[in-house]
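This report concerns only the one structure given below.
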Amino acid sequence: MNQAEKIQQIVSKYGKTYVVLSFGSADGGAMFGQWLREEIMKQKGYTQPNNVYLDTFGLDNVPGTRHEMKLIRPTAGGLASLNEAWDEYYRYAVSTAHTMIFVATAAWYSSSYCRRELEDHFFEENQNRSQNGEHPLYGVVLIFPDSKKYCKYYDFERMGVTVIPTTKSYVVADEKKRLTLTGHYRDFWIVDQETLQKVVQAIS
């Protein structure tokens, strides 16, 4: 079975992808990605695991995936699903999606993987769709205060991407209390409901 057949098998089992998430895992980003995925699935009525593609979940049952403990992924005991062919699975998910969401934190800008997700996947996918006369992949970006110094690198508004400014809202609001927590749960943050609704409404 070649890679294309393996990918199609996964899609048949876990569902077509409508939304793809791009986020930096560090500084609570991995937990936020999981929280955002769950919220979008609930509010959009998505029921299949890959309807909102998050690579850790998407690769979990893919042949060749190995599992490692990573501190930046504290849910499920810190278990991360890793696969050398992640790029191919991610590219396929992007090719079937109608929306891609970028969580543009400082950690996102610092990640070479995240830049590839924008430049090698989002840009290229829209170039391919334009050449084929297909509807473009829609982009949504959450801009956080800690990333503003990096914003000069990408002019999202000029790209036609919907920009939603927001801030991190820590689940444990008291900083002193957060610092006493074990592991990285002290970094667990979300966004407010108004921001979440803007994201949901922006999804095609």
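The values are calculated or read from the model by the stated rules, or taken from the named source; none is laboratory data. Here the structure is a predicted model, which means the values were calculated and not measured. As a convention, Cβ positions derive from the backbone with ideal geometry for all residues, glycine included, and neighbour counts pool all protein chains shown. These accessible areas exclude ligands, DNA and RNA; they are computed on the full protein's heavy atoms, side chains included. Shrake-Rupley method; radii C 1.70, N 1.55, O 1.52, S 1.80 Å.
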Inset, instruction - Could you work out how far apart the two model spin labels at residue 175 and residue 12 are, taking each label as a point 7 Å from the Cα in the direction of the beta carbon, and quote it in nm? - result: 5.4 nm
Inset, instruction - Find how much the distance from residue 5 to residue 155 grows on full extension, using 0.36 nm per residue of separation minus their present alpha carbon separation; answer in nm with one decimal. - result: 50.3 nm
Inset, instruction - Work out how much length residue 146 to residue 202 would gain on full extension: take 0.36 nm times their residue separation and subtract the Cα-Cα distance, in nm to one decimal. - result: 17.9 nm
Legend entry - Distance histogram in 10 Å bins (all Cα pairs of the stretch 163-204, percent per bin): 27, 39, 25, 9, 0
Inset, instruction - Indicate the gyration tensor shape class of the stretch 98-204 (rounded, prolate or oblate), computed on the Cα atoms with a ≥ b ≥ c the square roots of the eigenvalues: a/c under 1.5 is rounded; otherwise a/b larger than b/c is prolate and the rest oblate. - result: prolate
Legend entry - Fraction of accessible area attributable to carbon and sulfur, the stretch 119-182 (%, probe 1.4 Å): 48 percent
Inset, instruction - Beyond 18 Å between alpha-carbons counts as too far, so tell me which of 16/198; 16/44; 44/148; 42/168; 16/42; 44/198 fall in that bin. - result: 16/198; 44/148; 42/168
Inset, instruction - Subtract the Cα-Cα distance of residue 47 and residue 167 from 0.36 nm times their separation in residues, and report this length gain in nm to one decimal. - result: 40.4 nm
Inset, instruction - Evaluate E = 1/(1 + (r/R0)^6) for residue 194 and residue 124, where r is the Cβ-Cβ distance and R0 equals 35 Å; express this FRET efficiency to the nearest 0.05. - result: 0.60
Legend entry - Theoretical FRET efficiency, 1/(1+(r/R0)^6), r = Cβ-Cβ of residue 131 and residue 185, R0 35 Å, to 0.05: 0.15
Legend entry - At most 11 other Cβ within 10 Å, DSSP loop - chymotrypsin sites (Phe, Trp or Tyr not before Pro), the stretch 133-204: none
Inset, instruction - Roll a 1.4 Å probe over the protein chains and send me the accessible area per residue for the stretch 117-192 in Å². - result: 64 Å²
Legend entry - Solvent-accessible surface (1.4 angstrom probe) belonging to residue 186, in square angstrom, nearest 10: 70 Å²
